[in-house]
Amino acid sequence: MQKAIFLDRDGVINVEKDYTYKIEEFEFIDGLFPSLQYLQKLGYKLFIITNQSGIARGYYSIDDFNTLTSWMQEEFAKNSIEISQIEFCPHGPNDDCLCRKPKTGMIDNILKNHEIDLTKSWLIGDKNADIQCAKNANIKNSIQVKSGHKFDEKASFADFVCDSIKDIKNIINE
C-alpha cells in the first residue's frame, strides 16, 4: 500500500485567479517544485483533484482545461516531479454529481487505479470543501493553505493550517 498526497490545484499548486485556464495566466505557487520533490523523496505518490466549475459555467472548455493540464504536467516533468493521476470535476455547484468536492468521486477514481493507504496519506487544499472531502474519503491527514481562498483559521477542520505548500517540511517529515 502506497502513501499519497492529494493536492487541490487552484490556490495550492497555482496562484488563485478565478477560473484559470490559460497558460499565460497560470502562475505556480512560490516553492511548489522543491516542496513536491521533497514529498516524492519521502515516498509519497502525488495526485491532483480539482473542481473546475468554469467548464460548467461556460468560461472555458474541457479541451482548454486539458491543454493547460498537459502544459502543467510538462513543467512538473522538467522539475522531476511525477503526478500519478489528475482528476477534475467539470460540474457546477448546483449539479448533482459525485465528483465535486466535498464529495469523494475524484478520490474514488484514483483508488480504482492505485492501492493507497489513506491512513498514511494527506490532502492539501485551500477551501473548507477540500478538507471536508478528505474527511469524507477517510484520508487521515489534511492541511489547509492560506495561499488560495480566504478562510477563518479558527473554523478550519484541517489538521494543520499553513501559509502555503512551501511550509510543508514543517508539517510532513516522516
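The values are calculated or read from the model by the stated rules, or taken from the named source; none is laboratory data. Just so it is clear, the structure is predicted and the values come from calculations on it, not from any experiment. So basically every Cβ, Gly included, is an ideal-geometry build from the backbone, and we count neighbours across all protein chains shown. Surface areas here come from the heavy atoms of the whole protein model, side chains and all, with no ligands, DNA or RNA. Shrake-Rupley method; radii C 1.70, N 1.55, O 1.52, S 1.80 Å.
Here are a few things to note about the model shown:
- Of all residues in the stretch 57-96 being part of a loop (DSSP other than H, G, I, E, B) and of a type in the set (G, A, S), the one that is surrounded by the most Cβ atoms within 10 Å (Cβ to Cβ): G92
- Qualifying residue in the stretch 140-151 (condition: in contact with a Lys or Arg (Cβ under 9 Å, 6 or more places away or on another chain) and of a type in the set (F, W, Y)): yes
- Residue in the stretch 125-140 that is of a type in the set (K, R), within 22 Å of L32 (Cα to Cα) and open to solvent by 30 Å² or more (accessible area, probe 1.4 Å) present: yes
- Neighbours by Cβ (under 9 Å, 6+ apart or cross-chain): first from the stretch 53-77, among the β-branched types (V, I, T); second open to solvent by less than 40 Å² (accessible area, probe 1.4 Å) and in a helix (DSSP H, G or I): I55/F65; I62/I55
- Of the strands (runs of 3 or more DSSP E) lying entirely inside the stretch 119-171, none contains at least 2 residues that are closer than 23 Å to Q40 by Cα, modelled with pLDDT under 95 and of a type in the set (A, V, I, L, M).
- Every residue from the stretch 36-46 that is surrounded by fewer than 23 Cβ atoms within 10 Å (Cβ to Cβ) and within 13 Å of the chain's Cα centre (by Cα): K45, L46
- Of note, I107 does not satisfy the criterion of being in contact with a Phe, Trp or Tyr (Cβ under 6 Å, 6 or more places away or on another chain), of a type in the set (V, I, T), buried (at least 17 other Cβ atoms within 10 Å of the Cβ) and not in a loop (DSSP other than H, G, I, E, B).
- In the stretch 47-87, residue nearest to the chain's Cα centre (by Cα) [restricted to those that are closer than 28 Å to E115 by Cβ and of a type in the set (G, A, S)]: S84
- Residue match in the stretch 113-124 (condition: among the charged types (D, E, K, R), closer than 18 Å to I48 by Cβ and open to solvent by less than 70 Å² (accessible area, probe 1.4 Å)): no
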